[in-house]
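Undergrad: Handing you this structure, nothing more for now.
The values are calculated or read from the model by the stated rules, or taken from the named source; none is laboratory data. Predicted, not measured: the structure shown is a model, and the values here were computed from it. Here the Cβ positions follow ideal geometry from the backbone for every residue, glycine too, while neighbour counts run over all protein chains shown.
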Amino acid sequence: MNVGIHKSVESEELLSHLLIIPPDLSAIESLIRNKQYDSDVVSRAGYDFADHCFEEDRYYEEEYQKHQYEEPLLDMSKNSAYLPQITELLLKFGLDPNANCDGENIMSVTKDVVNEYVAADTLALLLEHGGKINLDVDGFELAGDLDFDVMFDAFNQRDRRAYDSLIHCWFVLLAHTNNMIQNKDAVTVFSKQRCDCELENFKISDLKQHRNYYFGISNVSGRGENWSLHIFDKRTRWKVARL
């Protein structure tokens, strides 16, 4: 296994500043400039921060399971609440979305961060800055891994807020790949004429604005796995697509 970029004294120093709640973005930027951290240091610190955001959710698991059907809310007491802002700043200083860190990648851990929809917001930033959805990281690809999770967890939603977050990451990937689903029928897109909605015709690329959409799941007999995922526009409440 290629471990890629190792931890270093410099990456740990930068990480310690990233973990302050709330983060002082100006101080972080000054630190990076003054210390002249290179892309490897920034990439490693960014990965370790995202990994911390993933790990911190485990401490909240029991609490949230009691409220698993409520609307996902942003928990500002967690580092993950600031993951998009931290990632956007680090991207300015050379964070590589495709960097291999200990056989993993910042995108592969980001998709499993659970705090409202920060994972999808962050994933969108990484993809817009050159993240490769088919990058092989220790035998796994982001696209195929996310596809599998969306399908496998459809009726096994141990934690609804986690599945909501996962679906919004999937929306973002769909928008960047335009029908990447590997093991199901292609996504069916409903036209304006068909749904009589007030907005322009829906396009898969519109899912880049993932917060404008929500989903529902139904039983559909005769479709192999007997389930279907429906995508709705929050602004009109019309169904715009179906997996």
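Undergrad: Specify the residue that is modelled with the highest pLDDT; the eligible residues are those in region 84-122 that are part of a strand (DSSP E or B) and within 17 Å of V41 (Cα to Cα).
TA: The residue in question is C101.
Undergrad: Those residues that are surrounded by fewer than 11 Cβ atoms within 10 Å (Cβ to Cβ) and assigned to a loop (DSSP other than H, G, I, E, B), I need them from region 1-20; list them, please.
TA: Once the filter is applied, which keeps residues that are surrounded by fewer than 11 Cβ atoms within 10 Å (Cβ to Cβ) and assigned to a loop (DSSP other than H, G, I, E, B), region 1-20 yields M1, N2, H6.
Undergrad: Okay, moving on. Quick one: N212 ticks every box in (1) in the same structural domain as D57 (by TED's automatic domain parsing); (2) at pLDDT 90 or above except a single one, so which number is it?
TA: Only one criterion is unmet by N212, namely (1).
Undergrad: Restricting to region 123-159, and then to whatever is in a loop (DSSP other than H, G, I, E, B) and hydrophobic (A, V, I, L, M, F, W, C), can you tell me which residue is modelled with the lowest pLDDT?
TA: Only one residue tops the list, namely F155.
Undergrad: Can I ask one more? With within 27 Å of N219 (Cβ to Cβ) and surrounded by fewer than 18 Cβ atoms within 10 Å (Cβ to Cβ) as the only criterion, which of D145, D75, D138, D149 stands out?
TA: Unique residue meeting the criteria: D145.
Undergrad: Quick one: is A162 assigned by TED's automatic domain parsing to the domain that holds G46 and at pLDDT 95 or above?
TA: When the stated conditions are applied, A162 does not pass them.
Undergrad: Which one is nearest to H6 (Cα to Cα) among residues in region 28-64 that are at pLDDT below 95 and charged (D, E, K, R)?
TA: Here the residue is E55.
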